[in-house]
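J.: Sharing a structure, written as structure tokens. Questions coming.
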Amino acid sequence: KPGWANADLAGPIQRTFNVPIGFDTDVNGAALSEGRWGAAQGLDTFVYFTIGTGIGGGALVNGRLLHGLLHPEMGHISLPHDWEADPYPGKCPYHGDCFEGMAAGPAIEARWQTKGQDLGADHPAWELEAHYIAMAMRSIVCTLSPQRIILGGGVMEQPQLFPLVRQKTLAALNGYVQSPTILDNMDTYIVPPGLGNQAGVLGAFALGMMAESAA
């Protein structure tokens, strides 16, 4: 975030209280809690997304949180953008029409001049929203090969979105990934959080537990 680059947030807490500190992104914490207590129990490779005021993703790969150079910024992957069908340029101040720029809550509001929660279930916004989410899920399936994808956040509280996203993700993959988990069980492949809106808070507990066990 602007102004927060390289800020040492965990250091002062650790020095003040002299206890192990678990520090990570909110979505990595939520992914960890969903793996321990939620919708990804028993799986070792899965992805958690929050789609709300912003979009972020956290992943466990072979039982370990994925970090790499810093941490994944899944909300900023590029998506196919049909400018004729959707002339909206995108909301992201860095990339314009990335995933977050096209599908986060502020993008929905800016495109339609109405907050998402005030749009009817049959509004064309949701077909378009599901399209962009599905394009992102296709990329995630093809790059990380997760055993399950969990979609949380305020935007995903629209009940009509999950069936649309599953249908459009399957169509976008076009039979390329030949796994029964996807071909025959999409309803259990792309799912809501088992912990609901408590996944992030419980993720903080999970990170603390992990830090304590590693100390």
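J.: Which residue pairs have Cβ atoms under 8 Å apart, sit 6 or more places apart or on different chains, and have a first residue in the stretch 107-130 that is free of Cβ contacts under 8 Å to residues at least 60 places away in the same chain and over 17 Å from PHE162 (Cα atoms) and a second that is among the acidic types (Asp, Glu) and assigned to a loop (DSSP other than H, G, I, E, B)?
T.: Once the first residue is free of Cβ contacts under 8 Å to residues at least 60 places away in the same chain and over 17 Å from PHE162 (Cα atoms) and sits in the stretch 107-130, its partners that are among the acidic types (Asp, Glu) and assigned to a loop (DSSP other than H, G, I, E, B) give ARG111/ASP86.
J.: Follow-up question, since we're still on this one. Could you list, in sequence order, the residues of the stretch 131-146 that are at negative phi and outside any helix (DSSP H, G or I)?
T.: Looking only at the stretch 131-146, we keep the residues that are at negative phi, and these are 131-144, 146.
Correct list: PRO146 only.
J.: I'd like the full set of residues that are surrounded by 13 or more Cβ atoms within 10 Å (Cβ to Cβ) and either among the β-branched types (Val, Ile, Thr) or outside any helix (DSSP H, G or I) (or both), limited to the stretch 201-215.
T.: Looking only at the stretch 201-215, we keep the residues that are surrounded by 13 or more Cβ atoms within 10 Å (Cβ to Cβ), and these are 201-211.
Answer for the stretch 201-215, where residues must be surrounded by 13 or more Cβ atoms within 10 Å (Cβ to Cβ) and either among the β-branched types (Val, Ile, Thr) or outside any helix (DSSP H, G or I) (or both): just VAL201.
J.: Still on this structure, I have one more. Mind listing whichever residues of the stretch 151-200 are of a type in the set (A, V, I, L, M, F, W, C) and part of a strand (DSSP E or B)?
T.: Start the filter on the stretch 151-200 by keeping residues that are of a type in the set (A, V, I, L, M, F, W, C), which leaves 151, 155-156, 161-162, 164-165, 170-173, 177, 182-183, 186, 190-191, 195, 199.
Within the stretch 151-200, LEU151, ILE190, VAL191 qualify.
J.: Taking the stretch 98-130 as the search range and keeping residues that are assigned to a helix (DSSP H, G or I) and of a type in the set (A, V, I, L, M), which one is surrounded by the fewest Cβ atoms within 10 Å (Cβ to Cβ)?
T.: Of all residues in the stretch 98-130, those assigned to a helix (DSSP H, G or I) come to 99-103, 105-112, 116-118, 124-130.
From what's left, of a type in the set (A, V, I, L, M): 102-103, 107-108, 110, 125, 128, 130.
Values: MET102: 29, ALA103: 26, ALA107: 26, ILE108: 24, ALA110: 15, ALA125: 17, LEU128: 19, ALA130: 22.
Going through the qualifying residues, I end up with ALA110.
J.: Scanning the stretch 68-84 for residues that are surrounded by fewer than 15 Cβ atoms within 10 Å (Cβ to Cβ) and at pLDDT below 95, which turns out nearest to PHE23 (Cα to Cα)?
T.: LEU70
J.: Inspect the stretch 26-47 for any residue being farther than 27 Å from ILE150 by Cβ, not in a strand (DSSP E or B) and not β-branched (Val, Ile, Thr) and give the result as yes or no. Quick ask: steps written out before the conclusion?
T.: So the first thing to find is which residues in the stretch 26-47 are farther than 27 Å from ILE150 by Cβ, and the list is none.
No: zero hits.
J.: Let me ask another. List, please: which pairs have Cβ atoms under 9 Å, are six or more places apart or on different chains, and start with a residue in the stretch 184-197 that is touching a residue at least 40 places away in the same chain (Cβ under 8 Å) and end with one that is small (Gly, Ala, Ser) and part of a helix (DSSP H, G or I)?
T.: As it stands, the answer is PRO193/ALA30; PRO193/SER33; PRO193/ALA199; LEU195/ALA30; LEU195/SER33; LEU195/GLY203, since those pairs meet every condition given.
J.: Would it be correct to say that SER213 is modelled with pLDDT under 95 and farther than 21 Å from PRO106 by Cβ? Steps first, answer last, please.
T.: Values: modelled with pLDDT under 95: yes; farther than 21 Å from PRO106 by Cβ: yes.
Considered against the rule, which asks whether it is modelled with pLDDT under 95 and farther than 21 Å from PRO106 by Cβ, SER213 comes out as yes.
J.: Right, another one. In this structure, does GLY22 turn out to be modelled with pLDDT under 95, in a loop (DSSP other than H, G, I, E, B) and in contact with a helix residue (DSSP H, G or I) (Cβ under 9 Å, 6 or more places away or on another chain)?
T.: yes
J.: Any idea which of LEU65, LEU32 is under 30 Å from GLY96 (Cβ atoms), touching a residue at least 24 places away in the same chain (Cβ under 8 Å) and buried (at least 16 other Cβ atoms within 10 Å of the Cβ)?
T.: Working: LEU32 fails: under 30 Å from GLY96 (Cβ atoms).
Of LEU65, LEU32, the one residue that is under 30 Å from GLY96 (Cβ atoms), touching a residue at least 24 places away in the same chain (Cβ under 8 Å) and buried (at least 16 other Cβ atoms within 10 Å of the Cβ) is LEU65.
J.: Could you check the stretch 168-197 and list, in sequence order, the residues that are closer than 14 Å to VAL27 by Cα and either of a type in the set (A, V, I, L, M, F, W, C) or exposed (fewer than 15 other Cβ atoms within 10 Å of the Cβ) (or both)?
T.: LEU195, GLY196, ASN197
J.: When the residues of the stretch 51-62 are narrowed to those that are farther than 10 Å from ALA31 by Cα and in contact with a helix residue (DSSP H, G or I) (Cβ under 6 Å, 6 or more places away or on another chain), which ends up surrounded by the fewest Cβ atoms within 10 Å (Cβ to Cβ)? Give the derivation first.
T.: Looking only at the stretch 51-62, we keep the residues that are farther than 10 Å from ALA31 by Cα, and these are 51-56, 61-62.
The next check asks that each one be in contact with a helix residue (DSSP H, G or I) (Cβ under 6 Å, 6 or more places away or on another chain); those that pass are 51-56.
Working: ILE51: 27, GLY52: 18, THR53: 12, GLY54: 19, ILE55: 29, GLY56: 24.
Restricting to residues being farther than 10 Å from ALA31 by Cα and in contact with a helix residue (DSSP H, G or I) (Cβ under 6 Å, 6 or more places away or on another chain), the top hit is THR53.
J.: Within the stretch 1-23, can you find the residues that are without any contact (Cβ under 8 Å) to a residue 60 or more places away in the chain, within 27 Å of the chain's Cα centre (by Cα) and under 17 Å from GLY203 (Cβ atoms)?
T.: LEU9, ALA10
The values are calculated or read from the model by the stated rules, or taken from the named source; none is laboratory data. Quick caveat: nothing in here was measured; it's all calculated off a predicted structure. Cβ sites come from the backbone with ideal geometry, for glycine too, and all protein chains shown count toward neighbours.
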